[in-house]
Amino acid sequence: MNYTAKEVMQFVAEEDVKFIRLAFCDLSGVQKNVSIMPGELERAFTDGIAFDASAIDGFGGEVHSDLFLHPDPDTLTVLPWRPEHGKVVRMFCRIAYPDGHTFENDARSLLVSAVKEAEKQGHRFNIGSEMEFYLFKTDEKGHPTDEPYDKAGYMDIAPEDKGENIRREICLTLEQMGIMPESSHHEEGPGQNEIDFCYSDPLTAADNAVTFKAVVKTVAARNGLYADFSPKPIKNAPGSGLHINFSVTSKDGDVNNATIAGVLNRIAETTIFFDPSEESYLRLGANKAPSYISWSAENRSQLIRIPAATGKYRRAELRSPDPSANPYLAFAILIYAGLEGINKGMELPQEADFNFYNADAATLKKYSRLPSSRGEAALKAKGSEFVAGILPKSIIEYYCGK
């Protein structure tokens with residue numbers, strides 16, 4: 001939106017805004033917020049708004065627990081589902097200590113640093129996300145049940161696809177918030193849906209991913225449904241992925257192959273951050289979710305595939321992450337792994353242009369695997385010099401244990 005603090009205050013005064021939500025995420029990527037009245041907005045921009053960090057997952061204990069939210073005026077958006085009169089707006093925030101320096105567990109600020117490092121080296125990353133989710137019916141008390149909203153399949157249409165109008169409402173709401181969906185459709189699982197975004201800079205892409213979850217959950221609840229973003233909500237149905245599409249433009253020419261090689265090289269030791277829950281590992285290795293470290297053009301059994309596209313739409317798609325990941329952390333790690341690939345001049349391994357799901361044992365033996373459990377993923381991350389070099393110890397311990 002390219003607002004300044006002064007322009008935000010002017011907008012609030014002129015547009016009948018009554019509440020300003022200062023949004024941030026805990027270490028797991030769950031959105032939180034503090035609401036302030038317009039009279040507190042100037043103080044928010046100059047001094048920040050204090051909150052009790054000890055009550056936020058991954059933000060520390062009760063000693064020295066005060067942290068401050070500093071809103072980013074560039075992220076101002078009206079929440080369309082709130083009243084037209086007495087509007088509610090939202091801004092994402094930087095989290096800081098009382099003296100003003102950035103809180104080390106602020107994943108959004110870590111992504112900002114990763115983007116700045118890439119730009120300093122002459123590289124610009126673009127990222128777009130594809131996030132899948134399930135819609136479940138709710139009971140008479142509004143609690144989620146285990147009954148999917150429909151029994152439709154991949155790209156089915158109404159009346160089998162009951163989620164068509166829900167997706168339409170989600171897309172229109174996102175559009176009102178300045179987020180442009182690229183496409184939407186029913187996925188393979190019963191009640192499973194997908195909405196894809198146009199690519200953008202990494203920080204905007206991560207903000208959009210967090211906003212997307214909030215919009216989907218809000219629209220679903222308004223329609224008497226529950227939106228589930230867990231990796232494997234139904235045992236014998238496809239899991240839900242967070243496919244990350246990425247590309248790089250560089251002063252050094254085409255560096256995309258080296259970027260992909262860097263991501264492949266570090267994916268095993270960073271998997272815990274892309275797939276952080278126990279349930280994540282029930283998804284990997286089935287229904288087009290990868291378990292081997294490989295790449296290929298167009299092949300959906302691969303960890304990274306290069307979709308059929310030309311020009312500015314050409315990109316790589318990382319298929320292992322799921323929606324339980326913190327997008328700020330995930331995108332930052334991807335950037336640092338990609339930069340390492342560029343700086344070391346890494347070359348892509350041989351293309352694995354076959355279907356991993358029906359390959360013989362002798363073929364599979366040639367390829368390394370992703371961690372098969374959360375415990376294995378945590379051990380790999382704890383022993384990684386690369387991870388230790390890009391993430392604070394406190395974040396590593398939060399995900400991997402001490």
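Somewhere in the range 22-30, is a residue open to solvent by 60 Å² or more (accessible area, probe 1.4 Å), at pLDDT 95 or above, touching a Phe, Trp or Tyr at 6+ places or on another chain (Cβ under 8 Å) and within 28 Å of residue 216 (Cα to Cα)?
Taking every residue of the range 22-30 in turn, none turns out to be open to solvent by 60 Å² or more (accessible area, probe 1.4 Å), at pLDDT 95 or above, touching a Phe, Trp or Tyr at 6+ places or on another chain (Cβ under 8 Å) and within 28 Å of residue 216 (Cα to Cα).
When residues of the range 113-129 are filtered for being surrounded by fewer than 19 Cβ atoms within 10 Å (Cβ to Cβ) and under 15 Å from the mean Cα position of the chain (by Cα), how many remain?
Qualifying residue count for the region: 1.
Considering only helices (runs of 4 or more DSSP H) fully contained in the range 326-387, which possess at least 3 residues that are within 30 Å of residue 31 (Cβ to Cβ)?
327-343, 374-382
Restricting attention to the range 95-112, and to residues there that are more than 26 Å from residue 181 (Cα to Cα) and among the polar types (S, T, N, Q), which single residue is least open to solvent (accessible area, probe 1.4 Å)?
Once the filter is applied, the top-ranked residue is 105.
Say we look at the range 45-92 and pick out the residues that are outside any strand (DSSP E or B), within 14 Å of residue 24 (Cα to Cα) and in contact with a helix residue (DSSP H, G or I) (Cβ under 9 Å, 6 or more places away or on another chain); which of these is most open to solvent (accessible area, probe 1.4 Å)?
Of everything passing the filter in the range 45-92, 57 is most open to solvent (accessible area, probe 1.4 Å).
Find the residue count for the range 215-256, including only residues that are crowded, with 17+ Cβ neighbours inside 10 Å, assigned to a helix (DSSP H, G or I) and either at pLDDT below 95 or small (Gly, Ala, Ser) (or both).
Selection size over the range 215-256: 2.
Let's see how each residue does on (1) out of contact with any Asp or Glu (no Cβ under 9 Å at 6 or more places or on another chain); (2) assigned to a loop (DSSP other than H, G, I, E, B); (3) exposed (fewer than 12 other Cβ atoms within 10 Å of the Cβ):
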residue: 141; (1), (2), (3): yes, yes, yes
residue: 150; (1), (2), (3): no, yes, no
residue: 157; (1), (2), (3): no, yes, yes
residue: 171; (1), (2), (3): yes, no, no
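The values are calculated or read from the model by the stated rules, or taken from the named source; none is laboratory data. Worth saying up front: this structure is predicted, and the values here are computed from it rather than measured. Here Cβ is always computed from backbone atoms with ideal geometry, including for glycine, and neighbour counts include all displayed protein chains. What goes into the accessible areas is simple: the full protein's heavy atoms, side chains included, and nothing from ligands, DNA or RNA. Shrake-Rupley method; radii C 1.70, N 1.55, O 1.52, S 1.80 Å.
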